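The values are calculated or read from the model by the stated rules, or taken from the named source; none is laboratory data. It should be emphasised that the depicted structure is a prediction, and the values quoted were computed from it without experimental measurement. In this analysis, Cβ positions are derived from the backbone assuming ideal geometry, glycine residues included, and neighbour counts consider all displayed protein chains. Accessible surface areas use protein heavy atoms only, side chains included; no ligands, DNA or RNA. Shrake-Rupley method; radii C 1.70, N 1.55, O 1.52, S 1.80 Å.
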Amino acid sequence: MLRMLVPIVLLIFLVGFSVISDRPQPPADLVFINSSEVNTLDPQRMSWMHDLRTARLLYQGLVQNDVLSDDFSIIPGVAESWNLSDDGVTYTFHLRKDARWSNGEPVTSEDFRYSWRRAMLPDLVSDYVNMFLNIQGAQEFYDWRQTKLEKFSERSFESSADRQEQAYELWIETQSKFDEIVGMQAIDDHTLEITLKHPVPYFLELCAFVVFAPVYEPLVSQYERPDPVTARLIRKPGWTKPKVLISNGPFVLDGWRMKRDMRLEKNTNYWDKDSIAIDSILIPSITDPNAGVLAYQTGALDWISDVTAPYRGDMVAQKLEFLEEHAEQVAEYRAQGLDQFTIDRLLPADPRAHTHAVSSFGTYFYNFNCKPNLPDGQPNPFADARVRRAFAMCVDKKSVADEVRRLGEPTASTLIPPGSIGGYTSPKGLPNIGDASSEDARQEIINKAQELLKDANFPDDFIVSLAFNKDSGHDLIAQAIAKSWQKHLGVKTKLEQNEIKIFRDDLKNKQYMTARAGWFGDYGDPTTFLDINYSTDGNNDRAYDSEIFDSLLDQASRELDQVKRLVLLSEAERIITEEDLPLIPIFHYATIYMFDPHKITGLSTHPRTKQNAYLIDVLDDDRGPNEPKPMRHQSDPILEATSP
Amino acid sequence: MMTIILRRLLALPIILLIVYSITLTLAWAVPGNPLENPEKRPKPEVIEQMNKQYNLDSFPRFYVSYLSNATGYQYAKDYFSGQMKRERELSEQLGVPVPARPIFDFGPSLKYDDATVNEIIRDTLPVSVTLGASAILIALFIGVGAGVIGAVKPNSFLDLSTLAVSMIGISLPGFVIGTVMLLVFAINLDWFPIGQWGTPRSIVLPAITLSLPFAAYIARLTRMGMIDALGADYIRTARAKGAAEYSVLLKHALKNAFLPVLSFLGPATAMAMTGSFVIERVFTVPGMGEHFVNAVQNKDLFLIIGVVLVFATMLIVFNLVVDVLYRWVDPRIV
């Protein structure tokens, strides 16, 4: 009989041992969650929004965006000041003397040269390499290295030892090539001169992007070496581990357990550490949308940075109900120009007020395949802009936004969310049946669209397919759009649902007719959205090829006068949203946050949706000034005081 | 006994090789390029070079290189051929230290840039093992208890109700039970935390949820075995000699009835300990189960093979352990 207990005793022993050996993280001042696990903490490699959000806590670039100001202005970061030459191509950054790495070493101009060189290497496959190629010589450097690598892999070698040695030599040669041709000069430790190949009016915006933040060379270079077979620089993981990572931002990495949690501690060597009102941040990995909301309700979380639970539409509806109950006060506060989070804080405490729908710097749209022929070789009716216009007019965007999404998102008639980029005037876009003020106006739009189809000889029995990927409710949106087209244009439709990888492959290979898509801007310039429609752009899934559009973007890139430049870009956007319609903008995204406005302050309501979590102050704790931080208007004196 | 252990251990690498071949073939056939970030595509020539670097451009090359890295063959080869020494010298020339290199290298994760597959398994497997072991323990207590009760008075109300409960345990999916448990015990009653793995309290809910299907199966096995045993001659003999009822049940009958449960425990433990995607999602347990699903979706080849090999090894080892225990508990089996 006792023998039978042996497996049980073994199991008990196992459980006991592992429970004892596992320690949870100590509590933190601020606990927030991202919607998924961090992929990388290497700034030059990242592109996911949650990675960037986390990286902004750990690293700091030359400059930063003032996310709490209405105009998202550029304020000093590691650079305390900068000048731009009269021809608009040479920036001289003066780095502050007290900017330090978390190990106490000073941040120097060499650190930026090293880090940006990393991003410019084809080896690293930085998702944002194109942004770096604005720098003089960068494109040549990239191409040179790429050609060398290709040649290397075709060459034959005497022995593997010889091959390896050659790979190392090529790497050393590459480093001196960079010094030779790329326009980044370290005048001294604290003066960095950057020469662009042509004026880039939004270059400071790029510098504020965390992909342009520096990494610590003595550490990172230890983990990079040429692959003996391909000579590509291989990036070994390891330097982003807790206690190993050396960074220059407001926080340092104290713990990171895969799929479990990440813990950050205030960086005692950060130059502006006194402005940080929290000492520690815990980021548990709660990726299940429902579990995140439940955990918030038990009080385990302070902020959910992206609520994706299927019932979030109801949460937003409850919030609107709450605002409705206090309509008078809300109207009064809005008239005073207060931002939404401040208004929420001034209203009485209510659990419904913890949900916040914040407009995002992104747009949901439908792609048209613009190629002359469909994948099966038949002529593609969508190659005709008239057909695309007709289909775009007959998507009931309002019902998609209000009845399917239910997050209070604004319908979109442009690709770039209006009002998100200072000084830029959005075009009007095509009239849409959802926006029609009356039934007559609606019918007029439908008639117009049907006429367009007739003019274009749209084939009668043609079946329009809508491709989308599983999950996230794309199926419901596709159904609504298909219904609009069936009803108003009398066309047959077919829904095509696929796994994300297959869906993406189909887009890339243009194996589709119409397909869902979305795009989020990276920096505060219209090109962050418009570039994806440039004929040769890698993200031009539509195979859209317009000489006029391309030439407008080209002209804009040469235009020195920012006002004229924005006019050119606005005209380019007008072409794609009023005439050619390679895509149908459906709505501008909102991100749903959960936090208690009476407890958390320092989050931004700016439509660029970039949060710098180190600005957060937990009200009524014993750290920081515990003062609410409302959004500041351009004319606020406090802003003028901090401007360079 | 020794021969059986030896034979199984010898078969282990062969089975693993077969599992590896099948897994890789299937994973290779999954469409999509694992190196592509869907939103920002690198240039085709860069992709080509990366494919070359990871041997993703040729199935046979990948097959051989992964195998030689994962088995430690490459490590041994580089060690004895002097390659490692050369690498060290070159690093010294460049003035950088040589990064540590594991003997059994399962490769990089293509999705999680900052982690190797070895690290992912190292971080997540202990969590899954803890949870799985607790679940199997709970399943044993519930299952054997319910089975014995049911067998003592077959077709009584008590029997039928335990049967009904075990049917529910088998049929209800984990995410339903899990969500209900969370709502009742974590939100309404506030007895257990949500989303904080690491304290004994946080193991309770996921372990119970994970245990239910196993418990149900064990209950049915025990009940069946007990009913069989209670009708046997040696039980009548035991009762005739005046043994107490509890001793008849637990000592004489259960000993035989437990054997099928024991053989079920092998695969069940391996299954429970390698994690469950659903349970991990619902209770935010940082275990290995998620990778069985997500790695395939991301076409993270190295990670897929890594977790499958771990699972296969555990399955074989636990079956072996059970076989050994089996013979030890019941010496009639040779």
When you scan region A:609-631, do you find a residue that is at pLDDT 90 or above, within 20 Å of residue A:430 (Cβ to Cβ) and in a loop (DSSP other than H, G, I, E, B), even just one?
no
From the residues in region A:32-61 that are more than 10 Å from every other protein chain (Cβ to nearest Cβ) and more than 16 Å from the chain's Cα centre (by Cα), which one is nearest to residue A:212 (Cα to Cα)?
A:61
Of the residues in region A:208-226 that are within 8 Å of chain B (Cβ to nearest Cβ) and assigned to a helix (DSSP H, G or I), the one that is nearest to residue A:119 (Cα to Cα) is A:221
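Here is a yes/no grid of residues against (1) open to solvent by 30 Å² or more (accessible area, probe 1.4 Å); (2) in a helix (DSSP H, G or I); (3) farther than 18 Å from residue B:310 by Cβ; (4) within 11 Å of chain A (Cβ to nearest Cβ):
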{"site": "B:90", "(1), (2), (3), (4)": "no, yes, yes, yes"}
{"site": "B:102", "(1), (2), (3), (4)": "yes, no, no, no"}
{"site": "B:114", "(1), (2), (3), (4)": "no, no, yes, yes"}
{"site": "B:124", "(1), (2), (3), (4)": "no, yes, no, yes"}
{"site": "B:128", "(1), (2), (3), (4)": "no, yes, no, yes"}
{"site": "B:132", "(1), (2), (3), (4)": "no, yes, no, yes"}
{"site": "B:138", "(1), (2), (3), (4)": "yes, yes, yes, yes"}
{"site": "B:148", "(1), (2), (3), (4)": "no, yes, yes, no"}
Exactly one of these conditions fails for residue A:316: (1) more than 10 Å from chain B (Cβ to nearest Cβ); (2) assigned to a helix (DSSP H, G or I); (3) open to solvent by 20 Å² or more (accessible area, probe 1.4 Å). Give me its number.
(3)
Of everything in region B:277-334, what is open to solvent by 30 Å² or more (accessible area, probe 1.4 Å), under 30 Å from residue B:1 (Cα atoms) and at the interface with another protein chain (Cβ under 9 Å from one of its Cβ atoms)? Give them in sequence order.
B:321, B:328
Could you give every pair whose Cβ atoms fall below 7 Å, whose first residue belongs to region B:23-42 and is away from chain A (no Cβ under 12 Å) and in a helix (DSSP H, G or I), and whose second residue is at pLDDT 70 or above and surrounded by fewer than 17 Cβ atoms within 10 Å (Cβ to Cβ), counting only separations of at least 6 or pairs across chains?
B:24/B:63; B:28/B:59
Could you tell me whether residue A:220 is aliphatic (A, V, I, L, M), more than 30 Å from residue B:288 (Cα to Cα) and open to solvent by less than 10 Å² (accessible area, probe 1.4 Å)?
no
Among the residues of region A:363-372, is any away from every other protein chain (no Cβ under 14 Å), in a helix (DSSP H, G or I) and farther than 19 Å from residue A:629 by Cα?
no
Among A:374, A:301, which is the only one that is within 27 Å of residue A:612 (Cβ to Cβ) and crowded, with 17+ Cβ neighbours inside 10 Å?
A:301
Residue A:25 vs (1) more than 9 Å from chain B (Cβ to nearest Cβ); (2) at pLDDT below 75: all pass except (1)
Answer from A:473, A:434 - the residue that is of a type in the set (Gly, Ala, Ser), surrounded by fewer than 19 Cβ atoms within 10 Å (Cβ to Cβ) and in the same structural domain as residue A:514 (by TED's automatic domain parsing):
A:473
Candidate set from region A:125-140 (those that are part of a helix (DSSP H, G or I) and not aliphatic (A, V, I, L, M)); member that is surrounded by the most Cβ atoms within 10 Å (Cβ to Cβ)
A:132
Scan region A:48-99 for residues that are within 16 Å of residue A:614 (Cβ to Cβ) and of a type in the set (Lys, Arg) and jot them down.
A:53, A:56
Anything in region A:428-458 that is under 37 Å from the mean Cα position of the chain (by Cα) and acidic (Asp, Glu)? List them, or say none.
A:435
Out of everything in region B:5-22 that is open to solvent by less than 80 Å² (accessible area, probe 1.4 Å), aliphatic (A, V, I, L, M) and at pLDDT below 90, what residue ends up being farthest from residue B:69 (Cα to Cα)?
B:5
Taking residue A:205, is it surrounded by fewer than 17 Cβ atoms within 10 Å (Cβ to Cβ) and part of a helix (DSSP H, G or I)?
no
Give region A:143-192 a look and list any residue that's over 30 Å from residue A:106 (Cβ atoms) and acidic (Asp, Glu), or say none.
A:143, A:150, A:154, A:158, A:162, A:165, A:169
Unique residue being within 30 Å of residue A:302 (Cα to Cα), free of Cβ contacts under 8 Å to residues at least 60 places away in the same chain, assigned by TED's automatic domain parsing to the domain that holds residue B:324 and surrounded by 18 or more Cβ atoms within 10 Å (Cβ to Cβ) when the list is B:186, B:238:
B:186
Let me confirm something: among B:106, B:62, which residue is more than 10 Å from every other protein chain (Cβ to nearest Cβ) and part of a loop (DSSP other than H, G, I, E, B)?
B:106
Among (1) within 11 Å of chain B (Cβ to nearest Cβ); (2) surrounded by fewer than 21 Cβ atoms within 10 Å (Cβ to Cβ); (3) not in a loop (DSSP other than H, G, I, E, B), there is one condition residue A:241 misses while meeting the rest; what is its number?
(3)
Qualifying helices (runs of 4 or more DSSP H) (wholly inside region A:492-589; at least 2 residues being over 30 Å from residue A:461 (Cα atoms) and open to solvent by less than 30 Å² (accessible area, probe 1.4 Å)):
A:527-530, A:547-558, A:562-574
Can you tell me which residue among B:225, B:275, B:242, B:289 is touching a helix residue (DSSP H, G or I) at 6+ places or on another chain (Cβ under 6 Å) and modelled with pLDDT under 85?
B:275
Hits in region B:221-236 - residues which are over 34 Å from the mean Cα position of the chain (by Cα) and assigned to a helix (DSSP H, G or I):
B:230, B:233, B:234, B:235, B:236
Residue pairs within 7 Å by beta carbon, gap of at least six or interchain, first lying in region B:197-213 and within 12 Å of chain A (Cβ to nearest Cβ), second of a type in the set (Phe, Trp, Tyr) and crowded, with 24+ Cβ neighbours inside 10 Å, listed first then second, are B:205/B:283; B:206/B:283
Test set (1) open to solvent by 20 Å² or more (accessible area, probe 1.4 Å); (2) closer than 28 Å to residue A:12 by Cβ; (3) more than 7 Å from every other protein chain (Cβ to nearest Cβ) - residue B:83 fails condition number:
(2)
Sole miss for residue A:229 among (1) more than 10 Å from chain B (Cβ to nearest Cβ); (2) open to solvent by 20 Å² or more (accessible area, probe 1.4 Å); (3) outside any strand (DSSP E or B); (4) of a type in the set (Val, Ile, Thr) is condition (1)
Just checking, which of A:66, A:111 is under 20 Å from the mean Cα position of the chain (by Cα) and buried (at least 17 other Cβ atoms within 10 Å of the Cβ)?
A:66
Picking from A:307, A:293, the residue that is outside any loop (DSSP other than H, G, I, E, B) and among the aliphatic types (A, V, I, L, M) would be A:293
